[in-house]
Amino acid sequence: MLNSLGCKSSVQLAKSMLKSRSMVDCNTCGFLVCRLISRKGIRSQARLGGADIVPSSKELPRPPSVSDGVNLLETPRKAVKNPRAASTVAQAQIVPQRKIALDFCLFNDYADYRRFMNGGLAYKALLVDAAGTLIVPSLPTAKVYRDIGQQYGVKYSEDEILARYRRAYAQPWSRSRLRYEADARPFWQHIVKQSTGCEDPNYLEELYKYYTTAEAWHLAEAGAGAALQALREAGVKIAVVSNFDTRLRPLLSALRCSHWFDAIVVSAEVGAEKPNPAIFLAACDLLGVKTEDAVHIGDDRRNDIWGARDAGCDAWLWGEDVHSFKEVAEKIGVLIA
């Protein structure tokens, strides 16, 4: 849908408005930014929403708003008697003697707003969840457990294994502070036993080694590499942030994607698991960015979204807020051909 200036994007609209210094109707947006422009240029910047614009210490009249029943497009402009009267933002006044145009720039979402305010890129850093977002299992877990387990006497069907697996995984882990501590073998031994009824250590070892190989996993999206590389070339720093054991680094190397990232932050190494904000803070520290300048993507609402936001980062739910790495890049402000 084109707006009244024929612009397809909010950024194009903003540029057109600033160039023309005129008021336009852009009623498809959620964020409103008002720029007060005089003959000398931009004097002040404020948000409109029924609240006063306060560019100086003096009390200023409240500008008209939609809530007043006023058509802002028909608001007459005031003539300027002395355009040189105010030379700083602190001296800017909304008075009848000043010619000031109100340019309204509206945005479809928060990322749109951030791109405009930050001059192009919405965020300086991208944090990416591993399992379920960046990489996914090549085969269903229950099938792998059953196929390998048959030679070790596992009798349960795939449906039974899956139900038992989910039940075991949902239970609190009380043997240590973290589930994924170091190589996490004690935790996985518990999960395998509860899922299949088999305690044979050789069975556990075969499963454990299988999930360290590129055969067991694949990239969730074939175009992930191109999108992440484009983001890095644009200056965005990228880190994997994952609840995983020490197999993650060799696994990403086996999948030939570890070089896509400026940092790999593994819960087993930093001693904190999502949704603990500490793991997100550790990632931002490694990247050298503030948490408010980072956005995290992941497939778990509790661990990824709530955890990241508790740390001060923004967050997008994979499969709901974003559906591809190309979409992630474009929301940040980098177009992928």
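Summary table
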{"quantity": "Cα centroid separation, the stretch 269-337 to the stretch 139-196 (Å)", "calculated": "28 Å"}
{"quantity": "Area accessible to solvent at W306, 1.4 Å probe radius, in Å²", "calculated": "140 Å²"}
{"quantity": "Probe 1.4 Å - accessible area at S138, Å² to nearest ten", "calculated": "50 Å²"}
{"quantity": "Stretch gain in nm, segment R167-A278, where the contour uses 0.36 nm per residue and the Cα spacing is subtracted", "calculated": "37.2 nm"}
{"quantity": "Estimated FRET transfer efficiency (E206, R177; beta-carbon r; R0 30 Å; 0.05)", "calculated": "0.60"}
{"quantity": "Whole-percent carbon and sulfur share, accessible surface of the stretch 122-220, 1.4 Å", "calculated": "49 percent"}
{"quantity": "Nonlocal amide H pairs with W316, under 5 Å, H built at 1.01 Å", "calculated": "H296, I297, G298"}
{"quantity": "The stretch 235-337, accessible surface, carbon-and-sulfur percent (1.4 angstrom probe)", "calculated": "47 percent"}
{"quantity": "Members of K209/K290; K290/K331; K193/K290; K155/K274; K143/K274 lying beyond 31 Å, as alpha-carbon distances in this model show", "calculated": "K209/K290; K193/K290; K155/K274"}
{"quantity": "Label-point separation in nm, D159 to L121, each point 7 Å along Cα→Cβ", "calculated": "5.1 nm"}
{"quantity": "Area accessible to solvent at I336, 1.4 Å probe radius, in Å²", "calculated": "40 Å²"}
{"quantity": "Added length on full extension, which subtracts the Cα-Cα distance from 0.36 nm per residue, L139 to H259", "calculated": "40.7 nm"}
{"quantity": "Rounded accessible area per residue of the stretch 248-315, 1.4 Å, Å²", "calculated": "42 Å²"}
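The values are calculated or read from the model by the stated rules, or taken from the named source; none is laboratory data. Not measured: the values here are computed from a predicted model. With ideal geometry, Cβ positions are generated from the backbone for all residues, glycine too; neighbour counts draw on all protein chains shown. These accessible areas exclude ligands, DNA and RNA; they are computed on the full protein's heavy atoms, side chains included. Shrake-Rupley method; radii C 1.70, N 1.55, O 1.52, S 1.80 Å.
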